[in-house]
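A quick write-up on the structure given underneath.
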Amino acid sequence: MTAPGPRHPIPTVKRAIAAGDLAAIQRYTVEFGPASLQMDDDPDELTALHYAAAAGHEPLVQFLLAPPSMPMPARPGAIDSRRCTAPP
């Protein structure tokens, strides 16, 4: 398991969701990409949306359900294990 760090802000994301800090979640999405909100290490397999809804943070839930407002640019020449273009 990779330790959280500057490129993987999951503990910080969980705190921001618990606090209903929409501005912080929006910053993480812009800075690290939408994948930064994935909680693959959650033992109950809950998502950011689960946590936001359970805490009653409606604006955060609406943000998480909204379609992305900016496309994710691909890195030219970057290919993942499936031989598809990898996101940045």
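The values are calculated or read from the model by the stated rules, or taken from the named source; none is laboratory data. In this text, all values refer to a predicted model and were calculated from it rather than measured experimentally. Backbone-built Cβ (ideal geometry, glycine too); neighbour counts: all protein chains shown.
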Taking region 47-84 as the region of interest, how many residues are modelled with pLDDT under 90, under 25 Å from residue 13 (Cα atoms) and surrounded by fewer than 10 Cβ atoms within 10 Å (Cβ to Cβ)?
7
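If you take the residues of region 10-32 that are assigned to a helix (DSSP H, G or I) and of a type in the set (Gly, Ala, Ser), which of them is farthest from the chain's Cα centre (by Cα)?
At the first step, the residues of region 10-32 found to be assigned to a helix (DSSP H, G or I) are 10-19, 22-32.
Subset that is of a type in the set (Gly, Ala, Ser): 16, 18-19, 23-24.
On the way: 16: 11, 18: 14, 19: 16, 23: 13, 24: 11 Å.
Only one residue tops the list, namely 19.
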